[in-house]
């Protein structure tokens with residue numbers, strides 16, 4: 001089997017919060033032992049609720065936060081041995097809010113040309129040609145290059161954000177909720193564009209989203225995160241049609257489903273809200289909300305174990321279905 | 001038909017004064033909600049759905065104003081009531097839940113007091129009695145340990161708990177109509193499901209009608225009996241919830257229903273390109289003439305460019321505003 005493009009091994013990112021003078025210092029385990037692979041050209045959907053650590057995980061892969069423990073191997077080499085610029089040529093990010101993530105004082109041309117110059121493309125004609133090519137690929141016109149972000153609609157801005165992420169021809173793009181800030185009628189355009197570009201440029205994606213409809217549509221594999229840990233991962237069809245972790249079932253059951261098309265019944269809904277990562281429940285982190293909770297869940301932390309090849313779940317009752 | 005509808009909106013026009021001129025932020029808005037009915041108003045940001053709700057509850061403030069039309073509550077026109085009469089209705093007979101509970105709650109007042117206030121203002125209770133009722137109200141929205149929670153300030157509660165407090169305040173006086181404006185948009189999906197279930201259950205038990213406002217067609221169709229879709233300041237289609245998904249008549253509604261990836265779709269049909277709605281949402285200042293959807297519409301013809309379509313009736317009290325519907 002080919003070497004994965006990205007490989008996380010027992011990755012942990014912990015933060016110290018509080019002060020010794022006021023209540024003491026606590027450790028917040030934002031990411032706590034994540035092991036995960038992304039192959040070249042595949043789309044990994046990453047789902048979970050706010051506070052589960054998915055954005056911290058993204059920042060660690062971008063080398064913007066140093067891991068506390070574990071390794072990130074990107075394109076065959078450990079992230080810590082890579083140069084910052086070299087990492088930026090391999091992995092890029094598309095952000096949620098296209099209003100906040102573009103520099104309002106830079107023209108689109110400058111936003112797209114700066115990365116090229118920083119990465120050593122000095123020939124003006126080449127910079128110009130690559131900017132024009134990228135604009136065309138994301139569905140913008142050449143004259144858009146001289147405009148400023150405020151002159152564009154939300155959907156067009158997200159196209160600029162995508163162009164910026166792709167201008168260096170990365171191998172992996174982390175899309176952090178790329179459509180949730182957009183108008184509903186615009187979302188399909190951006191999802192279609194992302195899928196087209198993936199095929200055209202042979203990109204791998206990590207698609208972070210809370211919209212399971214979108215995740216099911218775009219992902220090859222799906223990982224579900226809860227309080228810093230992966231609780232289930234597998235092929236998209238396994239996750240959506242035979243989910244084994246009660247949290248995955250709760251997420252699917254929570255989606256409004258006017259046609260009752262989901263493979264999970266409404267009884268699988270979770271109770272209450274995600275606990276604080278500062279003080280996670282003992283044993284299985286999900287047990288206070290879980291309909292299957294038993295004594296063992298409070299005392300023992302379930303390992304992420306295989307159900308079938310590539311399908312793993314961290315639940316003491318992973319063999320129960322439905 | 002039995003009796004007058006609970007609320008009836010007829011040809012409502014809402015003006016926006018943008019400093020130099022007045023533009024219609026919404027116009028020709030007509031719908032009615034019967035007692036105990038759940039009614040959904042769906043649309044994208046800027047389509048006029050939230051300001052319609054604010055007009056119903058008498059909270060429209062400059063630069064927005066009512067430019068025409070009638071809002072009747074139990075048969076009586078309420079759009080020009082005095083401020084004092086409006087306050088009697090608001091909170092008591094018509095209540096509202098907002099999108100972001102952190103900004104809708106008073107940050108410097110314990111949540112119990114904010115609930116108790118409703119009983120003091122509208123029901124003439126003493127503070128002692130009202131405080132006792134506040135504990136009951138918190139218990140009814142299933143906040144654990146309500147007798148302790150009443151002393152908490154909003155920042156001490158999670159987002160889901162805050163929205164429960166909002167529901168407790170809104171339902172405290174047993175209103176006839178609850179307006180919920182994107183009540184779960186700021187919440188996580190599993191919490192959203194709980195809050196929606198709770199709201200639907202409490203309102204069904206008390207016979208409270210719900211006007212649910214959201215951009216999420218699936219959410220609204222799941223919860224409401226009838227759904228109206230707004231686009232660029234006008235209602236373009238209204239139908240029973242099942243029909244809006246199964247047989248949408250307006251090209252915009254059809255686009256919305258088709259464009260969203262739905263659970264289970266890929267397993268049945270494989271990964272297909274999503275149907276797109278072309279173009280962008282127009283801004284209030286630049287609504288196109290004729291049908292406002294015409295620049296994005298696959299069926300647009302000459303008439304759509306110049307003549308705004310009239311309302312055509314559909315079965316089951318439905319309506320559609322399109323020259324080429326169906």
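None of the figures in this text is laboratory data; all of them are computed from the coordinates on show. If you're wondering where the values come from, they're calculated on a predicted model, not measured in any experiment. Ideal geometry is used to build each Cβ from the backbone, glycine not excepted, and the neighbour counts take in all protein chains shown.
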field: residue A:10-residue B:80 FRET efficiency (beta carbon distance; Förster radius 51 Å; 0.05 resolution)
entry: 0.15
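Nearest 0.05, what FRET efficiency do residue B:20 and residue B:87 give at R0 = 30 Å with Cβ-Cβ as r? Please list the in-between numbers first.
On the way: r = 33 Å, r/R0 = 1.10.
For residue B:20 and residue B:87, the calculated efficiency is 0.35.
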task: Tell me what chain B gives for mean residue ellipticity at 222 nm when only DSSP H runs of n ≥ 4 count, each as -39,500 (n - 2.57), the sum divided by the residue total, rounded to 500 deg cm²/dmol.
output: -9500 deg cm²/dmol
- line: Percent relative contact order for the stretch A:84-235, counting Cα pairs under 8 Å at least six residues apart, stands at 27 percent
task: In nm, give the distance between the simple-model label positions of residue B:4 and residue A:306, each being 7 Å from the Cα along the Cα-to-Cβ direction.
output: 7.1 nm
task: Could you pull the Cα extents of the protein assembly as shown along its three principal axes, largest to smallest, in whole Å?
output: 74, 66, 50
- request: Rank A:31, A:179, A:298 by mean-square fluctuation in a GNM of chain A with C-alpha springs under 10 angstrom and give only the top-ranked residue.
  value: A:298
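With contacts defined as alpha carbon pairs under 8 Å and 6 or more residues apart, what's the relative contact order of chain A in percent? Don't skip to the answer; put the middle values down first.
On the way: 612 pairs, mean separation 63.3, N = 322.
Relative contact order, chain A: 20 percent.
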field: Pairwise FRET efficiency - residue B:151 versus residue B:242, Cβ, R0 = 30 Å, nearest 0.05
entry: 0.10
- line: the stretch A:86-145 and the stretch B:185-199 have their Cα centres apart by a whole-number Å value of 39 Å
task: Using only alpha carbons, build the gyration tensor for chain A and give me the equivalent ellipsoid semi-axes, biggest first, whole Å.
output: 36, 23, 19
Approximate spin-label separation residue A:276-residue B:201, in nm, with each point projected 7 Å along Cα-to-Cβ: 2.7 nm
- prompt: Helix B:111-123: angle to the longest alpha-carbon principal axis of chain B, degrees 0 to 90, nearest 10?
  reply: 90 degrees
field: Length-normalised contact order of the stretch B:1-81 in % [C-alpha pairs under 8 Å, at least 6 apart]
entry: 41 percent
- prompt: Considering only DSSP beta bridges whose two residues both sit in the stretch A:119-275, what percent are antiparallel, to the nearest 5?
  reply: 55 percent
message: How much of the DSSP bridge set in chain A is antiparallel, in percent, rounded to the nearest 5?
response: 60 percent
query: What distance in nm separates the simple spin-label points at residue A:150 and residue B:284, each placed 7 Å from Cα in the Cβ direction?
result: 1.9 nm
Max mean-square fluctuation residue, GNM over chain A, Cα-Cα springs under 10 Å, options A:220, A:211, A:183: A:183
query: Taking chain B as a Gaussian network, Cα atoms linked when under 10 Å apart, which of B:74, B:276, B:100 shows the biggest mean-square fluctuation?
result: B:276
